[in-house]
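Heads up: the structure comes next, in structure tokens.
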Amino acid sequence: MSKKITASDYRIDGSEPLVLAERPHAIDKFYDDKADYKKQIRDSRDAINELQRMMYAHDRYSLLCVFQAMDAAGKDGTIRNVISGVNPHGVSVHSFKRPSEEEIDHEFLWRSQDHLPRRGHIAIFNRSYYEEVLVVKVHPEIVTKFQRLPAGSLENIWTGRYQSIRDHEAHLARNGTRVLKFFLNLGKDEQRDRFVDRIDEPEKNWKFNEGDVKERGFWGEYQKSYEEAINETATPEAPWYVIPADDKKNMRLIVSRIICDELESLEMNYPEVSEERRAEMQRFREMLLGEA
């Protein structure tokens, strides 16, 4: 019998500092076998779908899920498996790639604004504005060479960006958008094995990018940047969840459970219909049936 997933085991909300090196990449399985995993993930998708429908009808809340991870951690597969059963009208997914020239000509939060969820909707960010305190911090030449910031703004730039992110997410929370941030915590050995698989298995060759191997050389710098970014931006209203990512099935089940828990925590319901409205609807029903 598989054990129960407890979201608080992975939650970082700023109450205690995160030491990333102490966080596991693999834990005991939450599923008995492949069939049990498929049933659990299907049940979670059905639950998320129903809760999103209620959120849409209630029309007060929205949900933003941010996914960050090292290369090959399984962001795409996790997103696909967790939300594939949700009504496509109620969920959107946006993958953030290298910024365009137009995006570089704006402040770093600007490009995410159009992709934030409307009330009643779920938005998924595959990478996000957090790249500006992760990859950009590991490669600060991106700021100095390409982002064309005023000279004075380069002093304490990371402290300023952390503050901007905290303010941004607090603003979203005050206005009804719940923010969940997932760091898929992949082990370095597991990443190596997945890169090798992309070379050895022809159907995965298209996934291989030699640039990912180059970035692997900055593993320590990335781990430090993730740890600092999580500690600086984890708050009760916009927590991080550090998810062991060496087992993809386990990772997906944990993520789906956390999303379900968050939606279930919302005080929402389907709108009530007054007696007058029910009587009016009954008249329309009789009119429709009378067409025959």
For the chain, find the longest principal axis of its Cα atoms and tell me its angle to the long axis of helix 157-174, 0 to 90°, nearest 10.
10 degrees
Quick check: convex hull over the Cα atoms of segment 166-292, volume per residue in Å³, rounded to an integer?
228 Å³
Cα lying deepest toward the dipole's positive end in the chain, options ALA73, SER15, SER128, charges on Cβ
ALA73
Among LYS29/LYS214; LYS97/LYS207; LYS188/LYS248, which pairs are too far apart, with a Cα-Cα distance over 21 Å?
LYS29/LYS214
Protection-proxy order for peptides 200-212, 132-144, 164-176, each taking the mean of Cβ atoms within 10 Å per residue, highest first:
132-144, 164-176, 200-212
Taking the Cα centre as origin and putting +1 on Lys and Arg beta-carbons and -1 on Asp and Glu beta-carbons, what dipole magnitude results for the chain, to the nearest 20 debye?
440 debye
Could you work out the per residue convex hull volume over the alpha carbons of segment 7-290, in cubic angstrom?
188 Å³
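Laboratory data are not the source of any read-out in this text; all were calculated from the coordinates shown. These numbers come from a predicted model, not from an experiment. Cβ: placed from backbone, ideal geometry, glycine included. Neighbour counts: every protein chain shown.
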